[in-house]
Each structure stands twice: as C-alpha cells, then as structure tokens.
Amino acid sequence: MLFHGAKYEIKGEIDINHLNGKKDFGAGFYLGDSFDSSASWICEYPTGSVYGFYLKNYKEMKYIEFKVDRNWMYAILYFRGMFDEYIPNKEVLELIDRINKADYIIAPIADNQMYDTLTAFALKEITDEQCLHALSANNLGKQYVLKSKKAVENLVLIERMHICEKEKEHFINNKNILSNEGRNKASLSIEAYRRKGKYIDEIFKKS
C-alpha cells in the first residue's frame with residue numbers, strides 16, 4: 001500500500017515524464033509508505049487529497065533501494081542540480097545510469113531541512129561526514145519513485161481520501177514539530193562531527 005499526496009485531482013493516465021521543478025530522482029511518480037507523511041505535504045492546499053495505491057508485481061521489476069549513505073546523498077545532489085559546479089566521477093555516473101534504467105526507486109524521504117543540509121554540503125559549508133550524520137538524524141519513512149511506464153501500469157488505485165479541517169490542523173502542527181526537531185538534531189550532528197570528513201571540492205573536481 002502506497003500513498004500520494006496531490007494538490008489537485010488526478011485525472012487520466014499518470015505521466016511519469018511530467019516534472020514540476022527538480023525532484024530527488026528526476027522525472028517519475030512519487031509515493032510514500034505512510035498516509036500521514038503524504039498528507040503532511042498537501043495539508044495546506046484547499047483542494048489537496050491523498051490517493052492510496054497498490055503496486056502489483058513489484059518483485060518482477062527492476063528497482064534500486066537506498067539507505068542514508070553517500071550514494072543516496074550524491075544521487076539527490078545530482079538530480080537536484082547541486083552538482084553543477086563539479087564533475088561527477090565514474091561511480092556517480094554509473095549510479096545515475098542505474099537509476100534511470102530502473103522501474104522504481106525506494107529511498108528515504110528528504111524534507112526541506114534535509115535539502116538545507118545537502119545545500120550546505122554543496123556550498124562547502126559542511127563536510128561529507130557532517131552531512132551524512134545530520135541526514136541520518138531524521139527518519140521520515142520511505143518514498144517510492146516509479147520511473148518506468150511498466151511500473152505505472154502496475155499501479156492500482158484503491159481510494160482517494162479527503163482531509164477535513166481538523167485533520168489539516170493536526171498535520172500542519174505535526175509537520176512543524178517534526179521540522180523543528182529535525183533542525184535541532186541536524187545542528188547537533190553537524191557540531192559533533194565538526195572538522196571530520198571532506199568538503200565537496202576535496203571529493204570532486206570543479207567543472
């Protein structure tokens with residue numbers, strides 16, 4: 001069972017090539033493993049709702065599963081355009097190629113605080129060790145990114161769920177609490193691993 005928070009009603013066939021802004025793993029259809037997490041993304045939109053899906057035949061498709069490690073960190077940096085000043089090495093390029101050829105991706109969810117941490121690493125404000133430990137401080141669940149037409153064709157819509165005003169208040173409050181907790185944990189991790197690890201320009205060459 002997977003969930004997708006949508007600002008507007010989903011009509012017709014899902015287009016995996018539609019991309020509104022830069023995403024963690026590029027073009028694809030993004031879902032989460034938690035109703036609460038998906039609801040929190042759209043609770044501030046009047047027409048927002050959460051869709052419940054079931055992914056059939058998922059064991060028969062090609063997928064890549066990430067944990068909070070350097071591969072996950074480098075993949076998001078690449079797809080979010082934070083690698084623009086640097087040349088990705090052979091390992092990163094091979095990883096991106098595998099991602100683009102996969103039917104779906106399973107990876108940790110990254111929120112705004114995590115993007116701030118990744119941006120700090122890209123701007124040479126923190127090292128890779130500080131970045132990784134700050135990212136590891138939070139667990140927001142997993143996201144599933146459908147990258148191929150085959151994956152979308154195996155997606156079965158179960159139900160569209162609307163969120164009432166009281167639920168929206170709950171999700172907004174919970175979102176703010178988690179955001180503050182995440183920011184505090186990340187700050188403590190960055191301080192604890194100060195002067196440890198390498199900066200991005202010590203790992204990758206300038207473009």
What residue, among those in region 7-40 that are closer than 25 Å to Y78 by Cα and small (G, A, S), is modelled with the lowest pLDDT? G21
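May I ask you to verify whether A110 is small (G, A, S), touching a residue at least 12 places away in the same chain (Cβ under 8 Å) and part of a helix (DSSP H, G or I)? Step through it out loud before you land on a result.
Details: small (G, A, S): yes; touching a residue at least 12 places away in the same chain (Cβ under 8 Å): yes; part of a helix (DSSP H, G or I): no.
When the stated conditions are applied, A110 does not pass them.
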Counting only residues in region 70-96 that are charged (D, E, K, R) and within 18 Å of the chain's Cα centre (by Cα), the one nearest to L55 (Cα to Cα) is identified as R80
On the basis of being farther than 18 Å from L157 by Cβ, modelled with pLDDT of 95 or more, surrounded by 13 or more Cβ atoms within 10 Å (Cβ to Cβ) and of a type outside the set (S, T, N, Q), does K62 make the cut? yes
Any residue that is surrounded by fewer than 19 Cβ atoms within 10 Å (Cβ to Cβ) and in contact (Cβ under 8 Å) with a residue 60 or more places away in the chain - is there at least one of those in region 38-47? yes
Filter region 48-91 for residues that are in a helix (DSSP H, G or I) and in contact with a Leu (Cβ under 9 Å, 6 or more places away or on another chain) and give the result. R70, N71, W72, M73, Y74, A75, I76, L77, Y78
Which is more than 18 Å from I14 (Cβ to Cβ), touching a strand residue (DSSP E or B) at 6+ places or on another chain (Cβ under 7 Å) and without any contact (Cβ under 8 Å) to a residue 60 or more places away in the chain, of E65, E60, E85? E65
Exactly one condition in (1) buried (at least 16 other Cβ atoms within 10 Å of the Cβ); (2) charged (D, E, K, R); (3) touching a strand residue (DSSP E or B) at 6+ places or on another chain (Cβ under 8 Å) is not met by D111; state its number. (3)
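The values are calculated or read from the model by the stated rules, or taken from the named source; none is laboratory data. Bear in mind the structure is a predicted one, so any value in this text is a computation, not a measurement. Cβ: placed from backbone, ideal geometry, glycine included. Neighbour counts: every protein chain shown.
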